[in-house]
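Asks: Have a look at the structure that comes next, please.
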């Protein structure tokens, strides 16, 4: 699903807290950026694409995130968009300009008390020095997970012992390997390829 106009963006009420909807719609009205809601992607929660080969700058966010995770991921990518639109050139992806934009974008949401108290505290702590992935900051990661609706029988990769065998919803089977920086190196038993998994990815 891809959206660019305010009337189409109303579908976001299914994905983000209702009190935040007007802020998000106003931002898209003010910026020539498209929004795409995508299938689940194991390697990332969202992204921003612009420049060569991209007709209109586009933000994408995974459809299956809880409403607070979706909103924070969206703000993360909106900050990338603002930095790119202001300079139209490559900047450090998560450098000072992006960190400043992310912090400034988030302030109205704190003022409107969009986030529950526990989540707001963790998000504010993360924004003191935000990183490429919210999953790498454990206080925020754990606070967000508390609002997930976990399906019966699923477990996060972080909770599996090393060398455990697990399966994705699509049927592919993997063996869990060692952690490489912030992700786990896992081998797909179907094609022998190596994949890096977010620690909080849920599998069976």
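Asks: Would a scan of the stretch 52-60 turn up a residue that is under 27 Å from residue 195 (Cα atoms), at pLDDT below 90 and either assigned to a loop (DSSP other than H, G, I, E, B) or in the same structural domain as residue 137 (by TED's automatic domain parsing) (or both)?
Replies: Checked against the condition, which is being under 27 Å from residue 195 (Cα atoms), at pLDDT below 90 and either assigned to a loop (DSSP other than H, G, I, E, B) or in the same structural domain as residue 137 (by TED's automatic domain parsing) (or both), the stretch 52-60 yields at least one hit.
Asks: Okay, next question. Could you please tell me which pairs satisfy a Cβ distance under 9 Å, a separation of 6+ or placement on different chains, a first residue in the stretch 125-136 that is in the same structural domain as residue 66 (by TED's automatic domain parsing) and farther than 14 Å from residue 74 by Cα, and a second residue that is surrounded by fewer than 13 Cβ atoms within 10 Å (Cβ to Cβ) and at pLDDT below 85?
Replies: 136/181
Asks: Taking the condition of being surrounded by fewer than 13 Cβ atoms within 10 Å (Cβ to Cβ) and at pLDDT below 90, how many residues in the stretch 78-126 meet it?
Replies: Result for the stretch 78-126: 8.
Asks: Considering only residues that are part of a loop (DSSP other than H, G, I, E, B) and either out of contact with any helix residue (DSSP H, G or I) (no Cβ under 9 Å at 6 or more places or on another chain) or under 14 Å from residue 190 (Cα atoms) (or both), which ones fall in the stretch 161-175?
Replies: Residues satisfying the conditions are 161, 162, 163, 168, 169, 170, 171, 172.
The values are calculated or read from the model by the stated rules, or taken from the named source; none is laboratory data. The structure displayed is predicted, hence computed values, not measured ones. Note that each Cβ is placed from the backbone with ideal geometry, even for glycine, and that neighbours are counted across all protein chains shown.
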